[in-house]
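Shown next, in structure tokens, is the structure this report addresses.
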Amino acid sequence: MVDSSDLIGLYIAIPLYFLLLLGAAVWGMLRIRRQKAEMAEQGIKEDTLTVHYLGGRSFNGFLTAGTMFASFFSGYTVVGVPNEAFRTGWLSLRWLTTAAFVGVGYFGTGARLRKASLVRNHQSPTDFITDRFRSQILRYTAVTLQIFPSIIYLTAQCTAIRTTFNSIFRLDPDNYGPVIGICIIILLFEYMGGLSCVALTDSIQGFIMVLSFLIIPIVIKKNFGGWYDLDWQGYPRQ
């Protein structure tokens, strides 16, 4: 629960943050228009799917790393995992090894999959599977296996938004209005700027998360005396 004296700062910071994200959405929209104009000048057939949903396959290293970081260390990382650590203790350390295996899998296959997607014009991992094995059954099986984890992931993000936002502003925990409004804003930004907007906003959010991770130990030291002075029984009630 945020102290009432700190709410004024949040009332200022959060609208500014959304204005920053709106700027990213506008940038993404202009980027899409520029890419379509360049394709028209070169006589290339416009591929709306590639331009909108894949950002024209032209992200630099900063945007690629930023969107990967923010997607990987998402709402569940900053809300769910700490809550799980409080409830289950050392069991939550399993996320460290899980993250390592995911990283190894990505770096071991990402570059080759991207090269194959450029050569064979794949739009998604499912296209690679279909192109490689020529099986529609396998194609739709892969789509199904992608959809269900995505629904679980999306549910976890919405829950994290609702619990965090409602707790900060002292709203009813069962009030779904704010999370619905935020989701509408997110969909609007994606509609405006496509994956270009998503990648830039992810990079902004990733920078904020890294900065927060660096600041948290300083705050704990200043307000509570350091890690060893934290009382697991008294701290949650303060």
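The values are calculated or read from the model by the stated rules, or taken from the named source; none is laboratory data. None of these values were measured; they are calculated from a predicted model. Here the Cβ is made from the backbone with ideal geometry for all residues, glycine too, and neighbour counts use every protein chain on show. Accessible surface is based on the protein model in full, side chains and every heavy atom, while ligands, DNA and RNA are left aside. Shrake-Rupley method; radii C 1.70, N 1.55, O 1.52, S 1.80 Å.
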With the 1.4 Å probe rolled over protein heavy atoms, the range 23-103 has an accessible area per residue in Å² of 64 Å²
Burial-style ranking of 154-165, 77-88, 187-198, average other-beta-carbon count within 10 Å with highest first, yields 187-198, 154-165, 77-88
In Å, the C-alpha Rg and Dmax of the chain are 21.0, 67
Lys and Arg at +1, Asp and Glu at -1: neighbours of Ala116 with Cβ under 14 Å from its Cβ sum to +4
Along the dipole axis of the range 1-151 (charges at Cβ: +1 for Lys and Arg, -1 for Asp and Glu; origin at the Cα centre), the most positive-end residue among Thr130, Ile12, Val81 is Thr130
With +1 on the Cβ of every Lys and Arg and -1 on the Cβ of every Asp and Glu, the dipole magnitude of the range 76-157 about its Cα centre, in debye rounded to the nearest 20, is 300 debye
In whole percent, the fraction of accessible protein surface over the range 16-89 that belongs to carbon or sulfur atoms, probe radius 1.4 Å, stands at 65 percent
Summed over the other residues with a beta carbon less than 15 angstrom from that of Tyr76, with K and R at +1 and D and E at -1, the charge totals +2
Over the range 134-219, with neighbouring protein chains present, the accessible area per residue in Å² at probe 1.4 Å is 64 Å²
Relative to the compact-globule estimate 2.2 N^0.38 Å (N residues), the Cα gyration radius of the range 40-125 stands at a ratio of 1.50
Comparing Arg114, Arg94, Arg57 in a Gaussian network model of the chain (Cα, 10 Å), the one with the largest mean-square fluctuation is Arg94
Ordering 174-182, 99-107 by per-residue average of other C-beta atoms within 10 angstrom, highest first, gives 174-182, 99-107
Helix-only [θ] at 222 nm, the chain, -39500 (n - 2.57) per DSSP H run of 4+, per residue, nearest 500, equals -26500 deg cm²/dmol
